[in-house]
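Novice: Before anything else, here's the structure in question.
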Amino acid sequence: MDAFDGRPVWLASASFRNRRGIIATGDWSEEQRRRAKQALENVLAGAGNPAHQRLFRMNVTLCLHRALSERETARLPETFYDAGGGLAGGPLEILEERGMPDLPRGKPCEKPRRKHIDSSRPEFWIPEDCGICAPCRDRAQIRTASDRAHSVR
């Protein structure tokens, strides 16, 4: 089970660049955020179930997760689930959600450690779970269950 209660998701992400490279999402203007959100909606138009989605921010990208529709899920081969999957980690900030179960695992870590991506760009870091707060403990349970399930196969 994941933040979408076990349902596979579509993921679209957007970023902006300037002469220096990627612009951290925390430095985006409201217009850039609006344009990125619209681009993500356009990319996923006709895919998944827009009644079940989450728009969230990482430091480098704006991301949209959208649950697959019932029809899309029914078309997945059983081997899709054999590949594993699970959670890549928590978001930095949730901007919008609709139709999502209120589960801690989908929430940001309350005190994330910062794993820096580029030492010359201190604004670029990936949030690493603290392991103590409710969202982190919930994600850890998911990973442990997933690891056990895959080690049995």
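Novice: Given the DSSP H assignment, sum -39500 (n - 2.57) over each helix run of at least 4 residues in the chain and divide by its residue total; what's the result at 222 nm in deg cm²/dmol, nearest 500?
Specialist: Taken over the chain, the calculation gives -8000 deg cm²/dmol.
Novice: Would you please name the GluC sites (Glu not before Pro) within segment 55-143 that are DSSP coil residues with at most 12 other C-beta atoms within 10 Å of their C-beta?
Specialist: Of the GluC sites (Glu not before Pro), the ones in loops of segment 55-143 whose Cβ has at most 12 other Cβ atoms within 10 Å are Glu78.
Novice: If the chain between Tyr81 and Cys130 were fully stretched, how many nm would it gain, using 0.36 nm times the residue separation less the Cα-Cα distance?
Specialist: Full extension from Tyr81 to Cys130 adds 14.8 nm.
Novice: Enumerate the residues in segment 5-29 having an amide nitrogen under 18 Å from the point lying 7 Å beyond the Cα of Leu95 toward its Cβ.
Specialist: Hits in segment 5-29 for Leu95 at 18 Å: 10-18, 22-29.
Novice: What does the C-alpha gyration tensor say about the overall shape of segment 40-86? Classify as rounded when a/c is under 1.5, otherwise prolate if a/b is larger than b/c, or oblate.
Specialist: oblate
Novice: Further question: Just in segment 25-120: which trypsin sites (Lys or Arg not before Pro) are loop by DSSP and have at most 12 other Cβ atoms within 10 Å?
Specialist: Sites meeting the loop and neighbour criteria: Arg75.
Bear in mind that the values in this text are calculations on the coordinates, not laboratory data. Values in this document were obtained by computation on a predicted structure and should not be read as measured data. Note that we place each Cβ from the backbone using ideal geometry, even for glycine, and neighbour counts take in every protein chain shown.
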